[in-house]
Each structure stands twice: as C-alpha cells, then as structure tokens.
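What follows is calculated from the coordinates using simple rules that are stated; it is not laboratory data. The structure displayed is predicted, hence computed values, not measured ones. Quick reminder, even Gly has a Cβ in these numbers, built from the backbone with ideal geometry, and neighbours come from all protein chains shown.
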Amino acid sequence: RPVYQLRNVSKSYGFGKIRALDPVDLDLRQGSFSSVIGPSGCGKSTLLKIMAGVTPPTTGSVILEGKPVLGARREIGMMYQQATLFPWLTAIDNVLLPISIRDGKAAANDRRSEAQALLELVGLKGFDKVYPRQLSGGMAQRTSICRMLITEPQVLLLDEPFSALDELARDFMNIELQRICLSRNATAFLITHSIPEAVLLSDVVYIMSPRPGKFLEAVPIELPRP
Ligand code: ADP
Ligand code: ADP
C-alpha cells in the first residue's frame, strides 16, 4: 500500500524563471527504504521539502496516508545535513523537545530514560547533559537523529543526514537507521551522494537527471534484509 503518492509535482522559483524540479510522480510503499541520487542542483532537496509539506509545490499533489501532506506533519521525521540543535538546551533536552512541544513538559520528563537510551544507542552515553557547542559535528548529528526518532515517526525524510560524520560513524549510523526502520516498519526516503550507501540501504534507488529533476529511472535493489 502506498504511503506517499506524488503526482505531477514540480517546483519553480522566480515566477517560473528557475526550474528547481520538473514534474515527478512517485509512490512509496509502506516500510520501504528509498534513496535518491543525483548531482547538485537537480532538485533533491526541493523534492524532500515538498514531501515534508515545508515547501508548497508549484504544480501537483502530495498525498501522505490518503491525505494532503500539509495536515500530516506529525507523522514525518526529518533530518538535514547540518544539525539544528537549540544551543540553550542540553543534548537530552534537545532530544525531548518534540515531545515537550507536542505533549507538554511532564510527558517529556516521563520519557527521559527513553531519550537516554537513544543517546546511548548512537554512542553518546554520558553526553546527555552536554550543550551543543561542546559536541562535534558528528555528535550533534547523532543527537539530531535521536530527536527525530523519539516521536516514532512513520515516515523519515533524510537529506544527507550523516555527511558530517566520518566514514566509520556513518556506516554505523546507517545500519542503525536501517534496523530501526525495519523494526518500526517505517518508510524512509534518503538523499545521498553515495551510490554504495544507496545500494546498501535501499529497496529502490531513484536516479535524478542532471538538469532540473526528472526521475530517470528507479532501480529496485533486491538484497537479503538483516
Ligand atoms: P539539490 O538538492 O539536488 O542540490 P535543490 O533542490 O537544492 O537541488 O535545488 C534545485 C534548484 O533550485 C537549484 O538550481 C537551486 O539553485 C534552485 N533553488 C532551490 N531553492 C531555491 C530558492 N529558495 N529560490 C530560488 N532557487 C532555488
Ligand atoms: P566527527 O564529527 O569528526 O565525525 P565524531 O562525532 O565521530 O566526530 O566524534 C568522534 C569521537 O570524538 C566521539 O565519539 C567522542 O568520543 C570524541 N569527541 C568529539 N568531540 C568531543 C567532545 N567535545 N568531548 C568529548 N569527546 C569528544
């Protein structure tokens, strides 16, 4: 069953002068892991922001679980290349922030041990009371992934989330991410520059053309899953 349905989705800026994304159709199956690969400027980030409901498309529709995406933000977890932690909150309070906003401070407090466990999972045991400025770029990104996971989103939209990490940390985080997606039957859509990474993680790899983005091909990858 398709979780996402994009029909004729395109984006232009400057009253049509800049074509950021040529019309694309896309269906994402529940529980699938898709990657999109393509050169800089082909519209990958634009596509992701449209899927998240952050940017309105110029044409077309984005349906998530049968509803227009704009009303559905809660089911979506997003990560960008750069960590976007709040500097005045400790690592664990950054992780708990979405719960705090959604369900209140008391509810966030109740999930403190869960947040702690997530930080431990990504190798940040003992860093819970540390402020973002004391974290390396990679550590801040690993804190961001905990913040995304704590709300248990059904859909993960990931814009090169681990590009700030060294290769070993990136491999580790990718495997963790894949494991979590599988165990939650979450649907993931990942922008990456790395073909090996896409092949390692994905059921389907979408390849976008160099000029404003049409999908050239979708390559289904069939590998035994862990
Ligand atoms: P990618 O993520 O594949 O590098 P982007 O989606 O960031 O590509 O950008 C696609 C094209 O749209 C680029 O030519 C970029 O310069 C342009 N673009 C993106 N955002 C804006 C914006 N807010 N205003 C004007 N042009 C934009
Ligand atoms: P990078 O951002 O360069 O990829 P990592 O996030 O992979 O760095 O961090 C590498 C290791 O360096 C961490 O696991 C941690 O043990 C150590 N480290 C980095 N920054 C700090 C810090 N501010 N305090 C303590 N240890 C740190």
request  = About the Cα centre of the chain, how large is the charge dipole given +1 on each Lys and Arg Cβ and -1 on each Asp and Glu Cβ? Please answer in debye to the nearest 20.
outcome  = 660
message = For a protection proxy built on the mean count of beta-carbon atoms within 10 angstrom, sort 174-186, 152-164 highest first, please.
response = 152-164, 174-186
task = Sticking to Cα atoms, compute the Rg of the chain to one decimal and its Dmax as the biggest Cα-Cα distance, whole number, in Å.
result = 17.5, 51
message = Which lysines, if any, have their Cα less than 29 Å from the Cα of K67, not counting same-chain residues under 8 positions apart?
response = K11, K44, K49, K214
message = Under 10 Å, Cα contacts only: if you run a Gaussian network model on the chain, which one of T143, T90, T187 comes out with the highest mean-square fluctuation?
response = T90
request  = Arrange the following residues from fewest to most other Cβ atoms within 10 Å of their Cβ: R7, R1.
outcome  = R1, R7
ask   = Taking Cα centroids, how far is the range 88-144 from the range 149-201 in Å?
value = 19
note = Stretched fully, the stretch from I63 through E176 gains (0.36 nm per residue minus C-alpha distance, one decimal, in nm) 37.9 nm
